[in-house]
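Here the structure comes first, spelled out in structure tokens, and everything after it is commentary.
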């Protein structure tokens, strides 16, 4: 057991909690929260792997910065989609929005 | 009974000193298994894991979505602490700035614009079957990836993280990794334009045309 293992297990916890939330949440907003949890776990695992081995520190930190930027872009788009779905269906539960046209 | 400061202070000193020396000797006995980090680092790591766990379960179990978002903020703070432990304070700062400052505000807007506050669509618990699937989804990554992580522990040499100056990140962005840097700005621009287009599509002159069909 090294320190890297501890950090990787912590990010695995984030992934598992986010996946469980993605399954159990009914609304798109709750699912967005769970996805953010999983993205955080990904960033943490990248930084831990690059910082505590001989790999380049700069590459790891920049990769996590890119993950953060992608998460921000994704949250923006999902907010717009939630607005459209809410205007169209009046609800944002996943059961209601099964109509494609 | 009132005790003087001169009496109390040496007692507190002795207690704290014995606790510190006990932890130090405990760490010395664990030396072959754990790398040469101070026990303070392990204590901070345990606290951050507890914060992450509390925030994570709060954000997937709270029926009120605003409380779930506060749990998400708690998790972000815990992960920022992890970044500090990994000797990358710039990332911890960016975590607070981007996630807590921007993403959480977006999620708050999403909650408020869909009126999902306390009596919204998440207000009652899901069925037992859905909770069972959720438990399965919680245990599946832990059961599949967790043993892999533990099995592969110690196969590559691990070093204690060392802080590198923030200027190196900027140099990397402008020299070796300039293509991802430009790509992420294009992605952000496209996402922003797409969001504006999606959000404003229902208004304006084409609205009446769409609704008359």
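Throughout, read-outs are computed from the coordinates displayed, never taken from laboratory work. What you see is a predicted model; the values in this text were computed from it and never measured. Note: ideal-geometry Cβ built from the backbone for every residue, glycine included; neighbour counts use all protein chains shown.
Principal axis extents of the Cα atoms in the protein assembly as shown, from largest to smallest and rounded to whole angstrom, are 83, 59, 44.
Our analysis of chain A gives Rg over Rh at 1.11, with the two radii drawn from alpha carbon positions and Rh computed by the Kirkwood formula.
Shielding by partners for B:40-49, please: the mean number of other protein chain Cβ atoms within 10 Å of each residue's Cβ. Show your work: numbers first, answer last.
Values: counts 0, 1, 2, 0, 0, 4, 1, 0, 1, 5.
What the average comes to for B:40-49 is 1.
Against the main long axis of the alpha-carbon atoms of chain A, helix A:3-24 sits at an angle near 10°.
Extending 7 Å from Cα along the Cβ direction at residue B:115 and again at residue B:18 yields two label points whose distance is 6.4 nm.
Would you mind computing, in nm to one decimal, how far apart the modelled labels at residue B:159 and residue B:131 are, each placed 7 Å from Cα along Cα→Cβ? Those two pseudo-labels are separated by 4.9 nm.
Model label sites at residue B:178 and residue A:97, defined 7 Å from Cα along the beta-carbon direction, differ in position by 4.0 nm.
Here the Kirkwood formula, the inverse mean of 1/r across different C-alpha pairs, assigns the stretch B:37-122 a hydrodynamic radius of 13.7 Å. With 0.36 nm allotted per residue and the present C-alpha distance subtracted, the residue B:67-residue B:150 stretch has 26.5 nm of extension available. Averaged over peptide B:169-175, the number of partner chain Cβ atoms lying within 10 Å of each residue's Cβ comes to 2.
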